[in-house]
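Single-structure report; data block below.
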Amino acid sequence: MPRKKININLPQPVSIREKVCTTVRNSVLSGQIAPGERIVEARIAREINTSRTPVREALHMLEREGLLEVIPRVGYRVLTLDKDEIEELCEIRIVNETLAAQWAIDRITPKELKALEENLNKARAGVSNGNPERFVDDDLKFHEILNRASGNKRLFEFCQLLRGYMLRYRMKTLYNAETAIRAIEGHQVILESIKSKNKQAAAVAVRNHLEWVKLDIMNKVFNHP
């Protein structure tokens, strides 16, 4: 009797380019690499003992994502924070996340609803236990679950990309209990609109939440109430 064929799906190895891209991206978004700071291609290649080609490719990817800019004959530099950009990003994000929330009303699964509830409970517990810095991950996860529940892969990717652009601004505001509590309240209102299947309420909840995010960034990053 012939042996049954076993299908083994091994994960694809992560390329050096992807590793560099992820590491530099996280360093920029977390503020470890400051706005305006130069990123030297040769230095990164030397530090990780690789050729400059995958490093150059990774930095080019981050340029296309809007995190870096090219300085002729110099290299790359982290883009500085910009008030006009945050205004534009918030408006674009409101449009996309409103659509995602309204589509989620028709498509969200019981498992996803439960995940949103658990996310809010976890976020509240973190703040109550004196760990508001944990809310950075909780905030990311809430929007990821909600946007994925839209049932549209392309819309989900747009929403995640926009949130990534905003994160380098938002990281400067999320590490305190007051901000975390206010954001959790906004998430709760969004969730209630989803549960009640009220698309108009969902649109209002998303706009109110993201408008507040914009004002919080303006106040804490740019000192512009």
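A few notes on this one:
- Restricting the search to helices (runs of 4 or more DSSP H) fully inside the range 103-206 and requiring at least 3 residues that are in contact with a helix residue (DSSP H, G or I) (Cβ under 7 Å, 6 or more places away or on another chain) and under 25 Å from residue 222 (Cβ atoms) gives 135-148, 153-170, 177-195.
- In the range 41-59, the residues that are without any contact (Cβ under 8 Å) to a residue 24 or more places away in the chain reach residues that are among the hydrophobic types (A, V, I, L, M, F, W, C) and part of a helix (DSSP H, G or I) with C-beta atoms within less than 6 angstrom, at least six apart or across chains, in these pairs: 45/55; 52/45.
- Total residues in the range 68-88, condition among the β-branched types (Val, Ile, Thr), in contact with a Phe, Trp or Tyr (Cβ under 9 Å, 6 or more places away or on another chain) and within 16 Å of residue 220 (Cα to Cα): 1
- For the range 63-73, the condition holds for no residue, the condition being that it is in contact (Cβ under 8 Å) with a residue 12 or more places away in the chain, buried (at least 18 other Cβ atoms within 10 Å of the Cβ) and in a helix (DSSP H, G or I).
- Against the numbered list (1) surrounded by fewer than 17 Cβ atoms within 10 Å (Cβ to Cβ); (2) modelled with pLDDT of 85 or more; (3) among the aliphatic types (A, V, I, L, M); (4) within 20 Å of residue 164 (Cα to Cα), residue 42 comes up short only at (4).
- Filter result for residue 56 (basic (Lys, Arg), crowded, with 16+ Cβ neighbours inside 10 Å and under 30 Å from residue 149 (Cα atoms)): no
The values are calculated or read from the model by the stated rules, or taken from the named source; none is laboratory data. If you're wondering where the values come from, they're calculated on a predicted model, not measured in any experiment. Using ideal geometry, Cβ is built from the backbone for each residue, glycine included, and neighbour counts are taken over all protein chains shown.
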